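Novice: I'd like to ask some things about the structure below.
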Amino acid sequence: MKRPVRIAVTGAAGSISHSLLFRIAAGEMVGRDQPVILQLIEVPRAMEPLRGIAMELEDCAFPLLHSISMHDRFEDGVVGAHYVLLIGARPRGPGMERSELITANAPVFAGQGRAINEFANRDVKVLVVGNPANTNALIASRNAPDLSPAQFTALTRLDHNRTRGILANHTGANPRGIRRISVWGNHSSTQFPDLGHATIYGEPALAQVDEHWYREQFIRKIQRRGAAIIEARGHSSAASAAQAILNHMYDWINGTPENDWVSMGIVSDGSYGIEKGIFYSFPVRCDYGRYQIVQGLEISDFARDRMRETERELLEEMQTVAELLPEDTEASHRNLSVCLRSGITLYDDGISLPEQYLQTDRVL
Ligand SMILES: NC(=O)c1ccc[n+]([C@@H]2O[C@H](COP(=O)([O-])OP(=O)(O)OC[C@H]3O[C@@H](n4cnc5c(N)ncnc54)[C@H](O)[C@@H]3O)[C@@H](O)[C@H]2O)c1
């Protein structure tokens, strides 16, 4: 049996976690032969409901669930973590502006970045889900000077999956037959779900759909899908967010399928002319815990305009939180080269990984 890995989760008593934790314990995030320790983190007033969730997890008798701990201090909950899922965040209240949401959550993510830097495993992989996810990831990463910016990511896989699911439904294809979708930019209504390189059963997707429908309806539908779900069910997406988190982490750890790629919010290295240092969603390929931006894609003028628009929004968000971005981490975030996108969790259990992966070039 492998040694267990530690997975810290904030917002562990919230809606997304309720759809997520049981599936992690069943082996759907890291692998079906990998025992896990769940380090569940909540605010003090949610500790009692969290205790109930822990009891339910115990009652499922998952063979891979090694142990559970519960924490109302982030610094305790993140100790030794190999994976950190930052889901907990203050929700957007009625009439609240996006900029107000950003400033309300920003200090929390700065503190969490510092604690991850101090207490987590040196090869930790962090996924930020709490909104605004890209900018929260930037804040956390900039406050973790001893870790590589490549160890921090933001969730845009839900947007990627939405693009695939809705396109499948529209064309009558199975989602498995749809490949090479790219979601660019921010996890917000400016994101650009790009079908320019997508294929359906190996043939160009854009040749199989009406271009007017794609430009005028489809893109907007994906951009506004989150809001449409809140309107319809009164709560933001939870089960589909959990599915996206599992997909994001599983692919990051285990690799993307041949001939396909996924979308991840990661620190920009300037690829495709996107400003360095912001957390921007790119098409990426993963392999054994490393990821690289898919290079060389042809970008049309139509696509370029949309990529710029969502980039502008992220630059504005960065300005809003400027005082929480320490100067001493600016250089590492602006000078990340593609080859430095590494970070692999080294399991101290005697399994041997191919040598090239052990020699990863982490920024320390
Ligand atoms: N990136 C994405 O694709 C995506 C998709 C869906 C939802 N979200 C975001 O994910 C977040 C969580 O969504 P949800 O539906 O689970 O919300 P929720 O309100 O049901 O649960 C959030 C939980 O987080 C806890 N929490 C708040 N601040 C915390 C902190 N500092 N430390 C630990 N726990 C804390 C709350 O007590 C609550 O239990 C929201 O910000 C939501 O906007 C992102």
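The values are calculated or read from the model by the stated rules, or taken from the named source; none is laboratory data. Computed from a prediction, not measured in an experiment: that's the story for all the values here. A quick note on method: Cβ atoms are made from the backbone with ideal geometry, for glycine too, and the neighbour counts reach across all protein chains shown.
Novice: Where in the range 1-92 are there strands (runs of 3 or more DSSP E), lying fully within it, with 1 or more residues that are among the charged types (D, E, K, R)? Can you show your working first?
Specialist: Working: elements: 5-10, 36-41, 65-71, 83-86.
Passing ranges, in order: 5-10.
Novice: I've got another one for you. All but one of (1) farther than 19 Å from Ala115 by Cβ; (2) within 11 Å of the ligand (Cβ to nearest atom); (3) crowded, with 16+ Cβ neighbours inside 10 Å hold for Pro49, so report the exception by its number.
Specialist: Pro49 satisfies every listed condition except (3).
Novice: Looking at Asn186, Asn174, which is the one that is surrounded by 19 or more Cβ atoms within 10 Å (Cβ to Cβ) and either more than 16 Å from the ligand (Cβ to nearest atom) or not assigned by TED's automatic domain parsing to the domain that holds Leu20 (or both)?
Specialist: Details: Asn174 fails: surrounded by 19 or more Cβ atoms within 10 Å (Cβ to Cβ).
Going through Asn186, Asn174 in turn, just one is surrounded by 19 or more Cβ atoms within 10 Å (Cβ to Cβ) and either more than 16 Å from the ligand (Cβ to nearest atom) or not assigned by TED's automatic domain parsing to the domain that holds Leu20 (or both): Asn186.
Novice: Follow-up. When the range 288-315 is examined, which residues are found to be over 15 Å from Asn186 (Cα atoms), β-branched (Val, Ile, Thr) and not in a strand (DSSP E or B)? Outline the logic, then answer.
Specialist: Within the range 288-315, the first condition is being over 15 Å from Asn186 (Cα atoms), and the residues that meet it are 288-302.
Within this subset, residues satisfying the condition of being β-branched (Val, Ile, Thr) are 293-294, 299.
Listed by number, the residues that qualify are Val294, Ile299.
Novice: Can you pull out the residues in the range 164-187 that are among the polar types (S, T, N, Q) and farther than 16 Å from Gly265 by Cα?
Specialist: Of the range 164-187, the ones among the polar types (S, T, N, Q) are 169, 171, 174, 182, 186.
Within the range 164-187, Asn169, Thr171, Asn174 qualify.
Novice: Can you tell which of Glu56, Glu42 is surrounded by fewer than 13 Cβ atoms within 10 Å (Cβ to Cβ) and in the same structural domain as Arg122 (by TED's automatic domain parsing)? Spell out the reasoning first.
Specialist: Numbers: Glu42 fails: surrounded by fewer than 13 Cβ atoms within 10 Å (Cβ to Cβ).
Sole residue among the options that is surrounded by fewer than 13 Cβ atoms within 10 Å (Cβ to Cβ) and in the same structural domain as Arg122 (by TED's automatic domain parsing): Glu56.
Novice: Further question on the same structure: In the range 128-150, what count of residues is obtained for those that are assigned to a helix (DSSP H, G or I) and either out of contact with any His (no Cβ under 9 Å at 6 or more places or on another chain) or at pLDDT 95 or above (or both)?
Specialist: So in the range 128-150, the residues assigned to a helix (DSSP H, G or I) come out as 133-142, 149-150.
Filter again for either out of contact with any His (no Cβ under 9 Å at 6 or more places or on another chain) or at pLDDT 95 or above (or both), leaving 133-142, 150.
Residues in the range 128-150 being assigned to a helix (DSSP H, G or I) and either out of contact with any His (no Cβ under 9 Å at 6 or more places or on another chain) or at pLDDT 95 or above (or both): 11 in total.
Novice: Now for a separate question. Report yes if some residue within the range 31-38 is within 16 Å of the ligand (Cβ to nearest atom) and among the acidic types (Asp, Glu); otherwise report no.
Specialist: Residues of the range 31-38 within 16 Å of the ligand (Cβ to nearest atom): 38.
This time we only want the ones that are among the acidic types (Asp, Glu), so: none.
No: zero hits.
Novice: Still on this model: Look through the range 77-111, keep the residues that are free of Cβ contacts under 8 Å to residues at least 12 places away in the same chain and over 18 Å from Glu317 (Cα atoms), and return whichever of them is farthest from the ligand (Cβ to nearest atom). Let's see the steps before the verdict.
Specialist: Start the filter on the range 77-111 by keeping residues that are free of Cβ contacts under 8 Å to residues at least 12 places away in the same chain, which leaves 93-97, 100.
Narrowing the set further to residues that are over 18 Å from Glu317 (Cα atoms) leaves 93-95.
Working: Gly93: 11, Pro94: 14, Gly95: 16 Å.
Checking each candidate, the answer is Gly95.
Novice: Quick one: which of Thr153, Thr163 is out of contact with any Gly (no Cβ under 7 Å at 6 or more places or on another chain), within 16 Å of the ligand (Cβ to nearest atom) and modelled with pLDDT of 95 or more? Before the answer, list the steps.
Specialist: Working: Thr153 fails: out of contact with any Gly (no Cβ under 7 Å at 6 or more places or on another chain).
Only one candidate qualifies: Thr163.
Novice: Taking the condition of being surrounded by fewer than 18 Cβ atoms within 10 Å (Cβ to Cβ) and outside any strand (DSSP E or B), how many residues in the range 272-287 meet it?
Specialist: The number of residues fulfilling the criteria is 3.
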